[in-house]
Amino acid sequence: MKYYFKVSMSADDVMPYYRGQASTVVAFATNGQRIQFPAMHLRKFMTPSGVFGMFCLETQNNKFVSLTKVS
């Protein structure tokens with residue numbers, strides 16, 4: 001299953017995820033579904049200004065498969 005969602009987090013907002021203080025990301029997909037995944041998968045998209053863009057979370061049997069930035 002693929003879920004598309006937007007992230008717009010400033011550098012200050014993203015720091016707890018970067019430091020490992022927050023372990024889970026919770027977001028709402030474009031279809032309105034609430035999704036969550038381990039924060040460690042978002043770290044590779046973090047920049048000095050934060051995390052911004054549209055992402056695709058792919059799951060199989062409710063297990064994480066991949067996270068990609070689509071724009």
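We did not get these values from a lab; they are worked out from the coordinates using the rules stated. The model shown is predicted, which means the values in this text are computed figures rather than measured ones. Note that each Cβ is placed from the backbone with ideal geometry, even for glycine, and that neighbours are counted across all protein chains shown.
For the reader, a short list of remarks on this structure follows.
- Cβ-based charge dipole, the stretch 2-69, positive-most Cα from 51, 24, 4: 4
- A simple spin-label model places pseudo-atoms 7 Å from Cα toward Cβ; at residue 68 and residue 31 they are separated by 1.8 nm.
- The phi-based Karplus calculation (6.51 cos²θ - 1.76 cosθ + 1.60; θ = phi - 60°) puts the 3J(HN,Hα) values of the stretch 5-15 at 7, 9, 10, 9, 10, 5, 4, 5, 5, 8, 4 Hz, whole numbers, x for Gly and Pro.
- The calculated FRET efficiency for residue 61 paired with residue 23, based on their beta-carbon distance and R0 = 25 Å, is about 0.75.
- Computed over the chain: relative contact order in percent, which uses C-alpha pairs under 8 Å that are six or more apart: 38
- Within a straight-line Cα-Cα reach of under 16 Å, residue 2 can be paired with the following lysines, leaving aside sequence neighbours fewer than 8 residues apart in one chain: 63, 69.
- 5 angstrom amide H check on residue 25, placed H, neighbours 5+ away: 37, 39
- HN-Hα J in Hz across the stretch 38-52 - Karplus 6.51, -1.76, 1.60, θ = phi - 60°, x for Gly and Pro: x, 4, 4, 6, 8, 4, 5, 9, 6, 10, x, 8, x, 10, 9
- Only helices enter this figure: runs of n ≥ 4 DSSP H residues, each worth -39500 (n - 2.57), summed and divided by the residues of the chain, yield -3500 deg cm²/dmol at 222 nm to the nearest 500.
- The charge dipole of the chain, taken about the Cα centre with unit charges on the Cβ atoms of Lys, Arg (+1) and Asp, Glu (-1), comes to about 160 debye, rounded to the nearest 20.
- Reduced Cα scattering model of the chain, Debye log10 I(q)/I(0), q = 0.28 Å⁻¹: -1.46
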